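Okay, so here's the structure we're looking at.
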Amino acid sequence: MSHSHEVEYCNLELRFDRKQIRNLIKVLIQEGYSLYWNESGEEFIISVRSGRKLVKLKFQRIGDRFKMVGNYSFRDGKLADLMEKMIGDTRGHAVVKRFKERQILIESIMFGEIIRLVEISGVDHKIIFQRDPMVTVEEMTEALKSKRIEERIPVLRLELDYELASLQDALLKGDREEAETIKAKLEILRREMITLEL
């Protein structure tokens, strides 16, 4: 895929082991990028030279694994392709915004697959694609009852995505009351996510 336009990657939830990070460094070198990396007790940073821009890919240590953190914006097609490959390979979550002339395409990705695609042109927005929920109501109810964090987190992510999509719809309709109600729900979900990830 060739990117001459800007691509922004937000809300990344990508998990890596050390071998995957080493492979990423190897691929970047093979693609001809100038780079260096450093590691501390808390994080691993790969600094990549892309034209005149220095991009710092940050990986936060979580036990013996790493989680990619931060938001990234690229005009470099090869870097964008690598980022998309990482999202797919790690079955990660992300929101990808593609800026093209007067249009923005927003992809919501969960478990490495697009679950929602929205096109924004000026004030108009159109849902191009929306996948049915990957988790059934029964599974969600069971996970909500569960005390196990690893079962709750994927469900919580789905709830957050749903509420964010609902907030976007409420804002576009100009329904401030509904938007405030959704923001309150999002704050509760955000706090729960922070608690679970500590």
Any chance you could count how many residues in the stretch 68-85 are among the aliphatic types (A, V, I, L, M) and within 13 Å of the chain's Cα centre (by Cα)? 3
Using the structure shown, decide if residue 27 is without any contact (Cβ under 8 Å) to a residue 40 or more places away in the chain, β-branched (Val, Ile, Thr) and in contact with a helix residue (DSSP H, G or I) (Cβ under 8 Å, 6 or more places away or on another chain). no
On the basis of being surrounded by 18 or more Cβ atoms within 10 Å (Cβ to Cβ) and within 27 Å of residue 103 (Cβ to Cβ), does residue 12 make the cut? yes
Criterion first (closer than 21 Å to residue 159 by Cα, in contact (Cβ under 8 Å) with a residue 60 or more places away in the chain and among the aromatic types (Phe, Trp, Tyr)) does residue 9 satisfy it? yes
Can you name every residue in the stretch 152-190 that is closer than 22 Å to residue 66 by Cα and of a type in the set (D, E, K, R)? 152, 157, 190
Would you be able to say whether some residue in the stretch 38-56 is closer than 22 Å to residue 118 by Cβ, over 16 Å from the mean Cα position of the chain (by Cα) and of a type in the set (S, T, N, Q)? no
Give the stretch 18-41 a look and list any residue that's acidic (Asp, Glu) and modelled with pLDDT under 90, or say none. none
Restricting the stretch 1-11 to residues that are farther than 14 Å from residue 85 by Cβ and not small (Gly, Ala, Ser), which is modelled with the highest pLDDT? 8
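The values are calculated or read from the model by the stated rules, or taken from the named source; none is laboratory data. Being a predicted model, the structure only gives us computed values, none of them experimental. Because the Cβ atoms are built from the backbone with ideal geometry, glycine has one as well, and the counts that use them run over all protein chains shown.
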